[in-house]
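Colleague: I'd like to ask you about the structure that follows.
The values are calculated or read from the model by the stated rules, or taken from the named source; none is laboratory data. Treat the numbers as computed from the prediction; the structure is a model and nothing was measured. Positions of Cβ are backbone-derived with ideal geometry, glycine not excepted, and every protein chain shown enters the neighbour counts.
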Amino acid sequence: MKVYVSDRRRCEVIALPGDLADVDERFGARGSGIGEFERPRGLASDDVNQLLVADAGNHRIVSFDPVDFVGSWQEYGTFGSGVDEFDTPTAVHVDEKGVIWIADTGNRRVVRVDSLSGSGWAALGPLPGPTSADPDAIGFLAPTSLAHDAAGRIYVTDGRAGRVVRIDEIGGWGWSAIGPFVGGVPLAAPVGVCAIGDTVLVVDVRRSALVEILDAGTGVETFVEHGAAGVLVMPSAMASESSNVVYVTDPRASVIVQFVTEGAGGWSPNTTLSSIVAEGEPRRFDEPVGIAIAHFA
């Protein structure tokens, strides 16, 4: 098992072991060509040994096999607001059927495709979205991450709207908004999400915390905030290894944190990898943002 993390400032993707011992491999450099990224963000892995990258600054989605980085390189999308076009995509996700979901943040929409050929293109948005006059309106202000649960439902974080949205399909069927208040307490800016069975976890960049949403999608949700003070500053994304282990990136603190749970005891930080190696030594990374767990390499 490997943990893959995108470094927004260095424009590269790094690979680490599950125990976060140190950086094993580095992929990419700044640019717009093959083997290059510009402000890479969200990551995902599929079941055919491909790592997918939301290459935000190049307005495209990229996939590659870490064993043959350049030779396996595939890219999809150009800048724009039409079909096969993106504006600063910040997340990519592969569901249990192998379908690819993309948070097309600049276009305020979520896109679904069957493959990076663009087949099966469908989009939800842009729609008006929530306002102060109509906070429950359907639509996204700035979708930033995606996940699916055991039932195949899709969760989308919309940090600007202060809510997490759940849908059954790309047409918006089963739309359910969680937030901006959960159990009477406000979600501030949820930016990363993962679903473990029926449990939904988000990282809230303004609360500097990992938040567990209970009874998600029922309309009577509550949440539990986890994390030791000072561990997270401005978390960005998260990914789950198993039902009791998740990883969180924090570009402001320049750390990658492994959280574990033993059930009723909640989630607590277990291992933290800092960008700093030793005085005078090069940093491991600068701004870790996207993260994915892969079992193929």
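Colleague: For the stretch 171-192, check the following and say yes or no: at least one residue is without any contact (Cβ under 8 Å) to a residue 60 or more places away in the chain, surrounded by fewer than 16 Cβ atoms within 10 Å (Cβ to Cβ) and closer than 25 Å to Gln50 by Cβ.
Modeller: No, the stretch 171-192 contains no residue that is without any contact (Cβ under 8 Å) to a residue 60 or more places away in the chain, surrounded by fewer than 16 Cβ atoms within 10 Å (Cβ to Cβ) and closer than 25 Å to Gln50 by Cβ.
Colleague: Next question. Say we look at the stretch 241-274 and pick out the residues that are hydroxyl-bearing (Ser, Thr, Tyr) and surrounded by 19 or more Cβ atoms within 10 Å (Cβ to Cβ); which of these is nearest to Arg41 (Cα to Cα)?
Modeller: This residue is Thr249.
Colleague: Can you tell me how many residues within the stretch 61-82 are surrounded by fewer than 19 Cβ atoms within 10 Å (Cβ to Cβ), of a type in the set (A, V, I, L, M, F, W, C) and in contact (Cβ under 8 Å) with a residue 40 or more places away in the chain? Please lay out each step first, then the result.
Modeller: Taking the stretch 61-82 first, the residues surrounded by fewer than 19 Cβ atoms within 10 Å (Cβ to Cβ) are 65, 67-75, 78-82.
The next check asks that each one be of a type in the set (A, V, I, L, M, F, W, C); those that pass are 67, 69-70, 73, 79.
Next cut, in contact (Cβ under 8 Å) with a residue 40 or more places away in the chain only: 67, 69.
Number of matching residues: 2.
Table: residues versus (1) without any contact (Cβ under 8 Å) to a residue 60 or more places away in the chain; (2) closer than 15 Å to Val289 by Cβ; (3) aromatic (Phe, Trp, Tyr).
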site: Leu16; (1), (2), (3): no, yes, no
site: Leu43; (1), (2), (3): no, yes, no
site: Gln50; (1), (2), (3): yes, no, no
site: Asp84; (1), (2), (3): yes, no, no
site: Val92; (1), (2), (3): yes, yes, no
site: Gly98; (1), (2), (3): yes, no, no
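Colleague: On to the next question. Residue by residue through the stretch 206-252, note down the ones that are modelled with pLDDT under 80, under 17 Å from Ala195 (Cβ atoms) and in a strand (DSSP E or B).
Modeller: Answer for the stretch 206-252, where residues must be modelled with pLDDT under 80, under 17 Å from Ala195 (Cβ atoms) and in a strand (DSSP E or B): Leu214, Thr222, Phe223, Val224, His226.
Colleague: When you check Ser32 against the structure, is it loosely packed, with under 15 Cβ neighbours inside 10 Å, in contact with a Ser or Thr (Cβ under 9 Å, 6 or more places away or on another chain), hydroxyl-bearing (Ser, Thr, Tyr) and over 16 Å from Ile291 (Cβ atoms), yes or no?
Modeller: It is false that Ser32 is loosely packed, with under 15 Cβ neighbours inside 10 Å, in contact with a Ser or Thr (Cβ under 9 Å, 6 or more places away or on another chain), hydroxyl-bearing (Ser, Thr, Tyr) and over 16 Å from Ile291 (Cβ atoms).
Colleague: How about the stretch 187-196: which of its residues are out of contact with any Asp or Glu (no Cβ under 7 Å at 6 or more places or on another chain) and modelled with pLDDT under 90?
Modeller: Ile196
Colleague: Output the number of residues of the stretch 226-285 satisfying the condition of being closer than 22 Å to Gly159 by Cα, free of Cβ contacts under 8 Å to residues at least 12 places away in the same chain and aliphatic (A, V, I, L, M).
Modeller: 1
Colleague: For Arg10, are the conditions met, namely being modelled with pLDDT of 95 or more and assigned to a loop (DSSP other than H, G, I, E, B)?
Modeller: On the way: modelled with pLDDT of 95 or more: yes; assigned to a loop (DSSP other than H, G, I, E, B): yes.
Against the criterion (modelled with pLDDT of 95 or more and assigned to a loop (DSSP other than H, G, I, E, B)), Arg10 qualifies.
Colleague: In the stretch 81-193, which strands (runs of 3 or more DSSP E) lie fully inside it and hold 2 or more residues that are closer than 20 Å to Ser236 by Cα and among the basic types (Lys, Arg)?
Modeller: The strands (runs of 3 or more DSSP E) meeting that bar are 163-167.
Colleague: Which of the residues that make up the stretch 34-74 are within 17 Å of Thr105 (Cα to Cα) and of a type in the set (S, T, N, Q)?
Modeller: The answer is Asn58, and nothing else.
Colleague: Give me the residue from the stretch 113-151 that is within 16 Å of Trp175 (Cα to Cα) and under 17 Å from the mean Cα position of the chain (by Cα) and, out of that set, surrounded by the most Cβ atoms within 10 Å (Cβ to Cβ).
Modeller: In this case the residue turns out to be Pro143.
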